[in-house]
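Student: This is the structure I have questions about; it appears just below.
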Amino acid sequence: PGCSRYSSLSEATTIQLELNELSRLSNNSSYKVRGDGALESILLNLPANHLPRIYVDVNTGHTTGMLTLGARGDSYYEYLLKQFIQTQDKRLFEEYLGAMESIKVNLLKSSADKLTYVAEMDNEAKISDKMDHLVCFLPGNLALGTLYGAPDWHLHLAEDLIRTCMAMYHTRTGLAPEIVKFDPKFGLFISKSDEFSLLRPETAESLFILWRVTKKTRYRNWSWDLFSAMERNARDPDKGYSSITDVNSEQPTRRDSMESFFLAETLKYLYLINLPDDVLPLTHYVFNTEAHPKQWYQRRVRASLACLSRNRMSFHYCARKQPSPCLSCGG
């Protein structure tokens, strides 16, 4: 705010799971109140289509800029669902469902090569046929939502979108670029400026969730394809794993850098997909955007839900006989 009155949508709305947990652990409501306040200012200023833009005026909560589920926008949608799972605040689930319906109507497209993708839209409502690899969180999120009452078409769309995400890996190295675009005649293509790979985790995350939800073996098989490509092209025996400069090169150049999310997320999801379902089960845990598992409040303080009373801008700890605090909303 000292340099600009704008923050990015994902920055303002990807702190709530963590602040909720901090309040629970510290018995100090102020952390959750701050996180709720940031989200609330955006929810109160949403357009009719439920889709905020990627820049948020920190003074008003109004949004502007591109409409995208890629960079600066992605985890807003992720956390609407995951906050509902964590806190059982049904208003967030309703907002999530509204946003997914609007994405289907306004941004969902089909390419010439029969791939389903999520486009972007500028301030003048002009569509850009571009999809970041970051958007590949969405298949997993859609599948996860069906465990909590989202309609069946969410899972059908998730399975269509994951095929597009896997098509991004149809390169000489078997690794995906940062961004793909879609030509009206030829379908998916990669621009020279987008052909680098940071070994991002979003596809691995979605494969993990889709495996847990559907038990279709292709998702495990595809995860092994991802890992094998990383072993062949990104692994340095002495230094770990490196981002690469060109996914379509026969001999890709390594950047001599490894992103922190590669260990925290990419490898974690590729590992978890091969473990039994009772290891961090989706019925007990929700993963934050950095793949750190957090238990549901519903599981940890189930007896508290009876005292839940919604108040948008505050919450308190309600009394009960059990030794653990009871996290609740309103009063």
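Student: Please determine, in degrees from 0 to 90 and to the nearest 10, the orientation of helix 16-26 with respect to the longest principal axis defined by the Cα atoms of the chain, where the helix direction is its Cα long axis.
Tutor: Around 50 degrees separate the two axes.
Student: Using only the alpha carbons of the stretch 179-300, determine the length spanned along each of the three principal axes and report them from longest to shortest in whole angstroms.
Tutor: Answer, in whole Å and largest first: 48, 43, 25 Å.
Student: Go through the stretch 108-115 residue by residue and turn each phi into a ³J(HN,Hα) via Karplus (6.51, -1.76, 1.60, θ = phi - 60°); whole Hz please, and just put x for glycine and proline.
Tutor: Along the stretch 108-115, the couplings run 7, 10, 10, 8, 4, 9, 6, 9 Hz.
Student: Can you tell me the Rg and Dmax of the stretch 98-176, counting just the alpha carbons, in angstroms?
Tutor: 13.2, 40
Student: Around PHE196, under 14 Å between beta carbons, what's the net of Lys plus Arg minus Asp minus Glu among the other residues?
Tutor: Computed value for this residue: -2.
Student: While we're looking at this one, here's another question. Could you order ARG220, ARG232 by accessible surface area, starting with the largest, using a probe radius of 1.4 Å?
Tutor: Ranked from most to least accessible, the order is ARG232, ARG220.
Student: How many nm is it between the label spots at SER191 and ARG218, if each spot is 7 Å from the Cα in line with the beta carbon?
Tutor: Here the modelled spin labels are 3.1 nm apart.
Student: Would you mind telling me which residue in PRO47, PRO293, PRO237 has the biggest mean-square fluctuation in a Gaussian network model of the chain, where springs connect alpha carbons within a distance under 10 angstrom?
Tutor: Sorting by GNM fluctuation, first place goes to PRO237.
Student: In addition: Which value, in Å³ per residue, describes the convex hull spanned by the Cα atoms of the stretch 10-90?
Tutor: 89 Å³
Student: Search the structure for amide H atoms under 5 Å from the amide H of SER8, placed 1.01 Å from N in the peptide plane, and list their residues when 5 or more places away or on another chain.
Tutor: Those qualifying (amide H under 5 Å, at least 5 residues apart or on another chain) are VAL56.
Student: While we're here: Can you list the residues, at least 5 places off or on another chain, whose amide H is less than 5 Å from the amide H of TYR241, using H built in the peptide plane?
Tutor: ASP236
Student: Grab the eigenvalues of the alpha-carbon gyration tensor for the stretch 99-235, scale each by 5, take roots, and send me the semi-axes largest first in whole angstrom.
Tutor: Three semi-axes, in Å: 22, 22, 12.
Student: Short version: what are the Cα gyration tensor semi-axes of the stretch 229-296, square root of 5 times each eigenvalue, largest first, in whole Å?
Tutor: The three semi-axes for the stretch 229-296 are 30, 12, 10 Å.
Student: With a 1.4 Å probe and every protein chain kept in, tell me what percent of the accessible surface of the stretch 200-251 is carbon plus sulfur.
Tutor: Of all accessible area on the stretch 200-251, carbon and sulfur atoms account for 43 percent.
Student: What's the long-distance tail for the stretch 200-259, i.e. % of Cα pairs beyond 20 Å?
Tutor: Roughly 36 percent, rounded to a whole number.
Student: Cβ under 10 Å from CYS136's Cβ, CYS136 left aside: what net charge do those residues give with Lys, Arg +1 and Asp, Glu -1?
Tutor: Around CYS136, the charge tally is -3.
Student: Please work out the Cα convex hull volume for the chain and give it in Å³ per residue.
Tutor: Here the figure is 154 Å³ per residue.
Student: Now, a different point. Scan the chain and report its longest stretch carrying no GluC sites (Glu not before Pro) that are both in a DSSP loop and have at most 15 other Cβ atoms within 10 Å.
Tutor: 125-249
Student: Can I ask one more? Please give the helix 30-43 orientation as an angle from the longest Cα principal axis of the chain, in degrees from 0 to 90, rounded to the nearest 10.
Tutor: The helix 30-43 is inclined about 60 degrees to the chain.
Student: Let me ask something additional. What whole-number value in Å² describes the accessible area per residue of the chain for a 1.4 Å probe?
Tutor: Using a 1.4 Å probe on heavy atoms only, each residue of the chain averages 45 Å².
Student: Find the centroid of the Cα atoms in the stretch 182-217 and in the stretch 4-73, then give the distance between the two in whole Å.
Tutor: 26 Å
Student: Can you give the translational diffusion coefficient of the stretch 151-222 in µm²/s, computed by Stokes-Einstein from the Kirkwood radius over Cα pairs at 10 °C and 1.306 mPa s?
Tutor: Answer from the Stokes-Einstein relation: 119 µm²/s.
Student: Hey, what angle do you get for helix 202-214 against the long axis of the chain, alpha-carbon based, 0 to 90 degrees rounded to 10?
Tutor: Between helix and principal axis, roughly 70 degrees.
Student: Work out from phi, with θ = phi - 60° and the Karplus expression 6.51 cos²θ - 1.76 cosθ + 1.60, the ³J(HN,Hα) of each residue of the stretch 272-277, listed in order in whole Hz, and give x for Gly and Pro.
Tutor: With the stated coefficients, the stretch 272-277 comes to 5, 5, 9, 9, x, 5 Hz.
The values are calculated or read from the model by the stated rules, or taken from the named source; none is laboratory data. Since we're looking at a predicted model, the values are computed, not measured. Cβ coordinates were reconstructed from backbone atoms using ideal geometry, including for glycine residues, and neighbour counts include every protein chain displayed. Please note that ligands, DNA and RNA were not included when accessible areas were found on the heavy atoms of the full protein model with its side chains. Shrake-Rupley method; radii C 1.70, N 1.55, O 1.52, S 1.80 Å.
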